[in-house]
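The values are calculated or read from the model by the stated rules, or taken from the named source; none is laboratory data. Keep in mind that what you see is a predicted model, and the values were worked out from it rather than measured. Because the Cβ atoms are built from the backbone with ideal geometry, glycine has one as well, and the counts that use them run over all protein chains shown. Accessible surface areas use protein heavy atoms only, side chains included; no ligands, DNA or RNA. Shrake-Rupley method; radii C 1.70, N 1.55, O 1.52, S 1.80 Å.
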Amino acid sequence: MSSHGERVANHELLKQVNAALVYRLIDTQGPISRVDIAQISALAPASVTNITRQLLEHGLIKEVAQQASTGGRPAISLTTEQAAFLFISCRLGREELHCSVMDLSGAIHQHTVSTLLQHDAEGIVAALQQAIQQQLQIARNKQKFIAVAITMAGLVDPQTGTVLYSPNHQIANLELAQRLQSITDLPIYIGNDTRALALAEYYLGAAQGCQDFILVSIHHGAGAGIISNGQLLLGRNRNVGEIGHIQIDPFGEHCHCGNFGCLETMVSNKAIIAQTRAMLAKGHTSSLQNENLTIEQICQAAIRHDPVAVQIIRQAGENLGRVLAILVNLFNPEKILLAGEIVQSATVLFPALLQQIQRQSLPNFHHELHLDQAHFQGQGTMGGYALVKRALHESDLLQRIMQP
Ligand SMILES: [Zn+2]
């Protein structure tokens with residue numbers, strides 16, 4: 001009885017999936033010819049012609065002439081249009097809100113930083129509203145705004161745009177996307193910052209072309225974004241990678257999650273500073289001073305072979321390495337990328353990590369493993385770039401742009 005309606009709906013869905021497939025191919029492999037698109041996608045040449053015509057009409061792609069290697073008449077290829085589409089990317093940190101206007105190439109056109117004064121739901125919503133409105137007002141030009149993206153630490157439901165839990169602010173079950181819809185009718189994409197940055201490394205950073213890798217980020221906490229077979233793992237409540245709460249020491253420090261001795265109580269910036277302070281207080285010889293001690297100073301001292309700093313960083317490497325070994329055994333990644341201030345001590349940290357990974361994971365899994373620094377260090381708004389890119393590649397945002 002509903003078969004006609006269903007057929008129409010299925011036909012419409014199939015059209016959208018095919019359009020996203022063609023756009024994704026042009027974006028990741030362009031400049032590319034229509035013939036090659038048809039061959040790779042297994043779509044009929046007539047379908048490819050039809051879809052590319054629609055993408056051209058909406059300015060999403062453009063034609064470029066490419067000289068054939070054999071000489072002769074230049075062939076027409078297709079590439080995505082990037083500079084004409086703008087979006088706002090916000091990174092909600094602990095103390096600061098970073099807000100960029102970016103285009104689809106990842107170029108930042110404007111950037112503002114504001115200090116977060118109020119950490120409850122109303123304060124956070126107000127700060128975001130103000131920053132987004134400010135950016136929308138400044139950037140009035142020929143380009144088109146297509147989306148707003150927001151990334152933050154904690155548990156976020158990207159489907160509903162709800163912030164379930166934040167370790168940094170007093171917010172829980174906040175329907176953030178819905179609250180912000182009062183100031184803009186642009187689609188709003190919200191995601192966890194570490195997971196989004198893993199995607200950014202995949203699209204533009206140190207993991208381009210890598211189908212299986214893990215980004216591990218250490219700052220105030222510790223988290224991971226896991227890309228498996230080119231897809232970000234999400235899990236039941238859309239959040240996978242809370243490695244900061246893997247227990248290392250059952251009799252360790254009390255963690256904000258309620259447990260004891262979690263990884264982040266041992267390797268976070270705060271923990272490393274506290275461990276260094278304790279060593280200095282015992283009177284161990286070091287170039288470091290207890291006053292105003294920072295993670296950067298500790299990393300620099302470790303590189304200069306300061307005995308206290310080397311001991312602290314090695315110990316952090318052993319503890320983090322235990323968790324990385326678990327990740328290697330579970331996911332068999334090609335690459336692990338590390339982000340955070342602690343990577344400034346890479347010459348001391350990475351050997352300790354590798355040693356632990358080699359001890360505790362399968363040889364077949366670790367023998368070609370690459371351990372590397374993340375490309376987007378301190379560029380938090382790149383996470384939002386990845387959310388927008390994914391929304392285009394997976395059809396949702398593409399359809400919104402192509403709607404009449
Ligand atoms: Zn914990």
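Within the straight-line cut-off of under 14 Å between alpha carbons, the aspartates and glutamates reachable from K335 are E201, D212, E368, D372, sequence neighbours fewer than 8 places apart in one chain being disregarded. In region 177-330, the portion of solvent-accessible area held by carbon and sulfur atoms comes to 49 percent [1.4 Å probe, whole percent, DNA, RNA and ligands not counted].
Loop-located trypsin sites (Lys or Arg not before Pro) in region 289-326 (DSSP state not H, G, I, E or B) with no more than 16 neighbouring Cβ atoms inside 10 Å: R304.
For q = 0.15, 0.16, 0.22 Å⁻¹, what log10 I(q)/I(0) does region 1-55 give under the Debye formula with an equal point scatterer on each alpha carbon and no solvent? Normalising to I(0) and taking log10 leaves -0.44, -0.49, -0.77.
For K389, the lysines whose Cα comes closer than 17 Å to its Cα, not counting residues fewer than 8 places off in the same chain, are K144. Counting only alpha carbon atoms, the long axis of helix 121-138 and the longest principal axis of the chain meet at about 50°.
Accessible surface computed residue by residue for region 3-80, with neighbouring protein chains in place and a 1.4 Å probe, gives 61 Å² per residue. Helix-only arithmetic for the chain: the sum of -39500 (n - 2.57) across DSSP H runs with n ≥ 4, divided by the residue total, places the mean residue ellipticity at 222 nm at -13000 deg cm²/dmol. Each label was represented as a point 7 Å from its Cα along the Cα-to-Cβ direction; for E368 and E175 these points are 5.0 nm apart. Element breakdown for region 6-47 at a 1.4 angstrom probe: carbon and sulfur atoms account for 58% of the accessible area. Averaging the Cα positions of each part gives two centres, and for region 297-343 and region 55-123 these lie 33 Å apart. If you look at the Cα atoms of region 208-373, you get an Rg and a Dmax of 16.0, 50 Å.
Taking the longest Cα principal axis of the chain as reference, the axis of helix 382-393 is set at about 30 degrees. Axis angle, to the nearest 10 degrees, between helix 307-331 and the longest C-alpha principal axis of the chain: 40 degrees. Extents of the chain, largest first, come to 76, 53, 49 Å (Cα atoms, principal axes, whole angstrom).
Size descriptors for region 1-125, from the alpha-carbon set: Rg then Dmax equal 21.0, 65 Å. Within a straight-line Cα-Cα reach of under 28 Å, K282 can be paired with the following lysines, leaving aside sequence neighbours fewer than 8 residues apart in one chain: K270. The orientation-averaged projection of the convex hull spanning the C-alpha atoms of region 347-395 amounts to 5.5 square nanometres.
Between region 347-367 and region 168-231, the alpha-carbon centres lie 27 Å apart. In terms of the mean number of neighbouring beta-carbon atoms within 10 Å, the peptides 347-353, 38-44, 97-103, 58-64 order highest first as 97-103, 347-353, 58-64, 38-44.
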